[in-house]
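The values are calculated or read from the model by the stated rules, or taken from the named source; none is laboratory data. Predicted model only: the values in this text are computed from it and were never measured. No Cβ is skipped: glycine too gets one built from the backbone with ideal geometry, and neighbour counts run over all protein chains shown.
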Amino acid sequence: MRIFLTGATGLIGRRLVADRLARGDSLTVVSRDRARARALAGEIDVIEADLTKPGDWQQRVGGCDAVVHLAGAGIADRRWTRAYRALIETSRIESTRHIVDAIEAAPAPPRVLVNASAVGYYGDGGENVLDESAPAGDDFLADLCVRWEAQAARAETGATRVVLMRISVVLDTRGGALGAMLPIFRLGLGGPLGSGRQYFPWIHWRDVVGLFDLALGDDTLRGPVNAVAPETTTGRVFARTVGRVLRRPAVLPVPVVALRVVMGEMGRYVVASQRVVSQVATQRGYAFVFGRLGPALEDLLG
């Protein structure tokens with residue numbers, strides 16, 4: 001399979017590059033940093049470009065079998081200023097707009113666009129079960145996901161299907177939320193965020209890769225897919241399980257007020273409750289490698 005891939009140097013992108021090369025695929029990667037992308041693997045074709053702007057890179061979309069679009073400024077990479085909020089939006093919406101424009105203009109368009117999105121689409125759902133048919137939330141991240149997905153959905157035609165991968169918290173020791181938490185938990189200072197009663201959607205990185213493989217390979221799959229493990233858990237249970245696997249205490253809660261002082265506006269989102277379920281993946285017969293939290297963390301940290 002010939003795949004046009006963005007966001008290759010990110011947490012999920014690095015895992016996907018290794019997986020798809022192992023499967024024998026041919027990868028064309030777009031990155032702002034050619035050297036960093038080239039360091040991923042010698043076999044990939046790297047294009048240095050800014051996806052938020054149209055350019056010659058768009059001509060390379062045609063002739064590929066699939067497009068996997070992961071690029072976007074990190075949601076939790078820094079404190080949200082007005083400028084960084086604008087970058088979060090532009091890096092997702094404008095890049096998706098230009099990718100879809102390229103698909104529409106291609107003489108031989110790809111058969112599938114798998115576009116990253118996030119469970120932030122649902123907002124704070126409280127106790128409600130959130131499958132792929134649940135409505136969008138009403139906060140900044142939910143609105144961002146709605147507009148982001150709307151751009152991707154423009155590519156849906158008889159020739160190209162669109163899969164919207166709504167990704168939850170990805171567990172990976174190489175980075176992301178778990179990577180940031182580990183130093184604190186290893187010191188015995190970890191604990192739940194806020195009350196810990198809120199639902200905490202998670203997924204092992206191997207299952208993220210598995211769901212992207214499902215999206216690329218199942219010609220009948222289209223629309224939203226919740227990339228989340230089947231076992232729902234709360235923030236308190238998550239923290240206690242990390243502590244158990246690391247053999248460290250994990251009982252010190254982090255007050256919401258402190259989160260907002262440290263993280264600013266982002267602090268309200270890390271304590272949102274999202275009881276997200278993977279209905280589409282389950283119905284399609286996807287067998288999760290790590291469907292339960294304990295074994296997932298033991299694989300990563302044990």
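Kindly evaluate residue 236 against the criterion of being closer than 25 Å to residue 208 by Cβ, buried (at least 18 other Cβ atoms within 10 Å of the Cβ) and touching a strand residue (DSSP E or B) at 6+ places or on another chain (Cβ under 9 Å). No, not satisfied. Looking at region 242-254, is at least one residue in a helix (DSSP H, G or I), under 17 Å from the mean Cα position of the chain (by Cα) and not charged (D, E, K, R)? No, there is no match, as no residue in region 242-254 is in a helix (DSSP H, G or I), under 17 Å from the mean Cα position of the chain (by Cα) and not charged (D, E, K, R). Checked against (1) in a loop (DSSP other than H, G, I, E, B); (2) in contact (Cβ under 8 Å) with a residue 60 or more places away in the chain, residue 95 meets all criteria but (1).
The number of residues in region 25-83 that are under 20 Å from residue 152 (Cα atoms), among the hydrophobic types (A, V, I, L, M, F, W, C) and more than 19 Å from the chain's Cα centre (by Cα) comes to 4. The conditions of being out of contact with any Asp or Glu (no Cβ under 6 Å at 6 or more places or on another chain), surrounded by fewer than 18 Cβ atoms within 10 Å (Cβ to Cβ), at pLDDT 95 or above and of a type in the set (A, V, I, L, M, F, W, C) are not met by residue 281.
When restricted to residues that are touching a His at 6+ places or on another chain (Cβ under 6 Å) and of a type in the set (S, T, N, Q), region 1-58 contains 1. Within region 183-209, the set of residues being modelled with pLDDT of 95 or more, buried (at least 20 other Cβ atoms within 10 Å of the Cβ) and of a type outside the set (A, V, I, L, M) comprises 198, 199, 200, 201, 202, 204, 205, 207. Criterion applied to 137, 74, 125 was being assigned to a loop (DSSP other than H, G, I, E, B) and surrounded by fewer than 19 Cβ atoms within 10 Å (Cβ to Cβ), and the one residue passing it is 74. Are any residues in region 287-302 touching a residue at least 24 places away in the same chain (Cβ under 8 Å) and surrounded by fewer than 19 Cβ atoms within 10 Å (Cβ to Cβ), and if so, which ones? Residues satisfying the conditions are 289, 291, 292, 294, 298, 299, 301, 302. Taking the listed residues 23, 2, 60, 15, the one that is in contact with a Cys (Cβ under 8 Å, 6 or more places away or on another chain), at pLDDT 95 or above and surrounded by fewer than 20 Cβ atoms within 10 Å (Cβ to Cβ) is 2, with no other qualifying. Might you check whether a residue that is assigned to a loop (DSSP other than H, G, I, E, B), in contact with a Gly (Cβ under 7 Å, 6 or more places away or on another chain), under 22 Å from residue 236 (Cβ atoms) and not hydroxyl-bearing (Ser, Thr, Tyr) occurs anywhere in region 262-271? Scanning region 262-271 turns up at least one residue that is assigned to a loop (DSSP other than H, G, I, E, B), in contact with a Gly (Cβ under 7 Å, 6 or more places away or on another chain), under 22 Å from residue 236 (Cβ atoms) and not hydroxyl-bearing (Ser, Thr, Tyr).
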